[in-house]
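Worksheet for the structure shown next.
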């Protein structure tokens, strides 16, 4: 492991970047700022190393831009309608940061925290954060860890562990923006995607809160069961896509969490880079970067609309307020764990 300076955050704290390289020279770079996956270099079909995640060159740039690039998200990934929920029979209200809703845990999400390095090996790092009751407004003090591991099989394994002193929400995810042509290669609409989901959770309107329905993908542009270009149906005359300007929806992988399975495959013909994504989560949010505004990323790269896609493994959005959705509520003292793996290869 190599440790490099990553600049000061808005609080004036020094942040660091931790670099790991495997036997194939694939390289993973993780920052303690937001427990963020900053860079992931994997070989293309010609052996040229491509950085396949969008990001920035220092901590200050992450704080100056929206989008949650590469960040660890928590306590709750995705949206909570009206920024409130019932926990243990009590109404819990948390800050709104997207319309009247809470997105990715509000203005003090894990993406803003400076995480403590709890330990590392030659190919992994474990980061720790104490999320107090006051930090986001959720009940209880939460001890949370995230471990990034770069395997010799060119996979990034992301494992989470949480334990709180009150019953609370635990719904962690990673918000990496992938572009298998390279982070600086432009649109991902021609890249191909497959999602192993027979159904999805439709949203009510442009505020992206689910209706509570579990709807079949069959016969709709939401059907990714057979691999297809991401942009093939993205502009279809379909109300759900109009609500969210393209895909920004949760796909149903299971009716319960805890079982590891392949959730998606992706492929870029230009580079030959393919990705297999696996998780033990019950859902995955596909977001295609429709709201990425023009900005400058790593190494001066230009990022813009639909220049990346996200596969955010998670509980379904607003699950705390939908009785028919798997619940992200974890009782006091119980240990919650989850794992997601992104494996890269060429073909």
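The values are calculated or read from the model by the stated rules, or taken from the named source; none is laboratory data. Computed from a prediction, not measured in an experiment: that's the story for all the values here. So basically every Cβ, Gly included, is an ideal-geometry build from the backbone, and we count neighbours across all protein chains shown.
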Tally time: how many residues in region 228-274 are farther than 26 Å from residue 77 by Cα, part of a loop (DSSP other than H, G, I, E, B) and either touching a residue at least 60 places away in the same chain (Cβ under 8 Å) or in contact with a strand residue (DSSP E or B) (Cβ under 7 Å, 6 or more places away or on another chain) (or both)?
5
List the strands (runs of 3 or more DSSP E) that sit entirely inside region 147-215 and contain at least 3 residues that are out of contact with any helix residue (DSSP H, G or I) (no Cβ under 9 Å at 6 or more places or on another chain) and within 18 Å of residue 74 (Cβ to Cβ).
155-164
Could you tell me how many of the residues in region 99-120 are more than 16 Å from residue 85 (Cα to Cα) and in contact (Cβ under 8 Å) with a residue 12 or more places away in the chain?
14
Hits in region 82-98 (condition: assigned to a loop (DSSP other than H, G, I, E, B) and touching a residue at least 24 places away in the same chain (Cβ under 8 Å)):
88, 94, 95
Do the conditions hold for residue 108, that is, is it closer than 26 Å to residue 64 by Cβ and surrounded by fewer than 19 Cβ atoms within 10 Å (Cβ to Cβ)?
yes
I need the full set of residues from region 284-324 which are over 12 Å from the mean Cα position of the chain (by Cα), in a strand (DSSP E or B) and buried (at least 24 other Cβ atoms within 10 Å of the Cβ), in order please.
303
What pairs come up if the first residue lies in region 312-330 and is without any contact (Cβ under 8 Å) to a residue 24 or more places away in the chain, the second is in a helix (DSSP H, G or I), and their beta carbons are under 7 Å apart, counting only those six or more places apart or on different chains?
327/319
Hey, can you tell me all the residues within region 169-221 that are surrounded by 23 or more Cβ atoms within 10 Å (Cβ to Cβ) and farther than 26 Å from residue 319 by Cα?
179, 180, 183, 188, 191
Can you name the residue in region 44-64 that is touching a strand residue (DSSP E or B) at 6+ places or on another chain (Cβ under 6 Å) and surrounded by fewer than 17 Cβ atoms within 10 Å (Cβ to Cβ) and is also farthest from residue 303 (Cα to Cα) among such residues?
45
Residue by residue through region 187-223, note down the ones that are touching a strand residue (DSSP E or B) at 6+ places or on another chain (Cβ under 8 Å) and closer than 27 Å to residue 39 by Cα.
188, 189, 190, 191, 192, 193, 194, 195, 196
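Considering each of 36, 27 in turn, give the residue that is surrounded by 23 or more Cβ atoms within 10 Å (Cβ to Cβ) and at pLDDT 95 or above.
36
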Sort out which residues of region 118-139 are surrounded by 21 or more Cβ atoms within 10 Å (Cβ to Cβ) and assigned to a loop (DSSP other than H, G, I, E, B), and write them in order of number.
138
Do we have residue 281 as part of a loop (DSSP other than H, G, I, E, B) and at pLDDT 95 or above here?
yes
Quick one: in region 67-81, which of the residues that are assigned to a loop (DSSP other than H, G, I, E, B) and either buried (at least 24 other Cβ atoms within 10 Å of the Cβ) or without any contact (Cβ under 8 Å) to a residue 24 or more places away in the chain (or both) is farthest from the chain's Cα centre (by Cα)?
75
